[in-house]
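Structure, as structure tokens:
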Amino acid sequence: MKLSTLKTNLFLTRCIVITSMFITFNCISSNVVGQELKFQTPSPLSTKKEKADKKITIQFTLEKATKDTKISYKVLKDKSSAIDRDYTLADGEVTVKSADKYKDEVEVTIKAQKFTEALRELYINFTYKDDKGKDQSTEFVVNIFDANDGSADEPQYTASEEEKTRHVGIEFYTGGSLDFYNNLKFQKISGELFIYANDITGPDDRLGGFLGIANFQNFTRDSSNVNVRPQYIQIDTGKYIPGKTKYRRNIFIDHLKVHTSQWSYYFNPTFRLNNNRSDFFNIYLSFRMEALVVSTTRSFDTDTLPSDTSALALTDPVFQSGKGFLLQNTTDTQTSGYFSFGLPMFLNAKNKVKIYLDPNLGVANYNLAYYRPREGQRGMIKNVLSEKKAFYLVRARISEQYSGLGVTIGGEIRGFLKDYAPSINAYLGIKANIAGLFSKN
């Protein structure tokens, strides 16, 4: 190939590349979007007719705006014929301003009158000028469904309402408590009632909450708190003569047994942290307010060592019958307040498993009752210790969805950041069908 031909080819190649780059740059430049109207209220928006007028607020913002801009709105009559009687919205305009961060809203009133159609579609056209002065428009759609005041067999729900019903519900779990300190066996019935209404209001429907009642039963045997009691029973009759009178000595070992019944009453306002609600996993920031009522019964299991007979001298002996002086059993109920911030997480793998995990850190107004022997006499003196303590709480619940029973293990680990061992409470049971209790069938 000649040198001149090669130079020519190289020149043509460069021209083609430069031309392509220029065309691509122009295409990209022409597609750069200036100020654009965006709805914060989801469109289409579905609603049902009610017995009274209801107002719908359409929120919007002009993104990438650089100056105050007028936005006009009107109902498109050709797409919403004969719907005027079902809404109140006059054609008008608003000005989005820099001082308001280019945000504004329009309010539509849906009238309460009945109509026979199952669905009306209200199309609202918003027009404005972009940053180049060109007219732009976008539509907001409102689907108005029949109120179903009893004339129909089944209620009609919009897609939006059906979505929200999945955010609201009642769940009830019941089963036997697990005792981790006594050979992992079942004890008394425990469980919890859980009412949730997450993602139902606020910006992007991020606000909501849940509340509940939970009960845990727990039995522990404190091997570190042991009481040894000697008992003397005179065998020979008559007056005691040191070194001659025979007596029997028994040794009793009392082990402290503690049964706690814990009732938890809690309320958690929530804010969803992930931008869009997921059908699989959602995480929230919550403020937990809880009243914890703990009833504690302290009793004693007694072991008896083999007795022996002796005639050794005793100093001022006290002879007894039965098992001697038994330690006093006590029952006490204390209510404490717990306040914490948490990160509740909900995972729902459909037809497989549902998981709830909720770690918390906060402050407790903690009340603890303890007993000490009375000096020089029988009986115990009760003392109540009240103090504010930093605490942690991890609650969890796992439910399988294969069997249809909703076999569930749930519980919590609760402890203070210093002092005292944590309490571990858990139950194994099933999920009850609360919704079925309210079914018409």
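The values are calculated or read from the model by the stated rules, or taken from the named source; none is laboratory data. Computed from a predicted structure; not experimentally measured. In this analysis, Cβ positions are derived from the backbone assuming ideal geometry, glycine residues included, and neighbour counts consider all displayed protein chains.
Being touching a Lys or Arg at 6+ places or on another chain (Cβ under 8 Å), assigned by TED's automatic domain parsing to the domain that holds Leu45 and modelled with pLDDT under 90 is a property that does not hold for Ala90. Using the structure shown, decide if Leu305 is surrounded by 12 or more Cβ atoms within 10 Å (Cβ to Cβ) and either at pLDDT below 90 or not in a strand (DSSP E or B) (or both). So Leu305 passes the test.
Listed here are the residues, each with its yes/no results for (1) surrounded by fewer than 14 Cβ atoms within 10 Å (Cβ to Cβ); (2) modelled with pLDDT of 75 or more; (3) hydrophobic (A, V, I, L, M, F, W, C); (4) under 30 Å from Arg395 (Cβ atoms).
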| site | (1), (2), (3), (4) |
| --- | --- |
| Lys134 | yes, yes, no, no |
| Ser137 | yes, yes, no, no |
| His167 | no, no, no, yes |
| Phe194 | no, yes, yes, yes |
| Asn215 | no, yes, no, yes |
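Inspect all residues belonging to segment 254-268 and state whether any of them is hydrophobic (A, V, I, L, M, F, W, C), under 30 Å from Asp199 (Cβ atoms) and touching a strand residue (DSSP E or B) at 6+ places or on another chain (Cβ under 7 Å). Taking every residue of segment 254-268 in turn, at least one turns out to be hydrophobic (A, V, I, L, M, F, W, C), under 30 Å from Asp199 (Cβ atoms) and touching a strand residue (DSSP E or B) at 6+ places or on another chain (Cβ under 7 Å). When both residues are 6+ apart or on different chains and their Cβ atoms are under 8 Å apart, which pairs have a first residue that lies in segment 410-431 and is under 23 Å from Thr174 (Cα atoms), and a second that is of a type in the set (Lys, Arg) and modelled with pLDDT under 85? Listed by first residue and then by second, the contacts come to nothing, as the list is empty.
Residues in segment 97-112 that are more than 22 Å from Lys55 (Cα to Cα) and small (Gly, Ala, Ser): Ser98, Ala99.
Scanning segment 231-289 for residues that are closer than 30 Å to Gly342 by Cβ, hydrophobic (A, V, I, L, M, F, W, C) and either in a strand (DSSP E or B) or under 15 Å from the mean Cα position of the chain (by Cα) (or both) returns Val258, Trp263, Phe267, Phe271, Leu273, Phe281, Ile283, Leu285, Phe287, Met289.
Just checking, does segment 270-287 include any residue being modelled with pLDDT of 85 or more and of a type in the set (Asp, Glu)? No, every residue in segment 270-287 fails to be modelled with pLDDT of 85 or more and of a type in the set (Asp, Glu).
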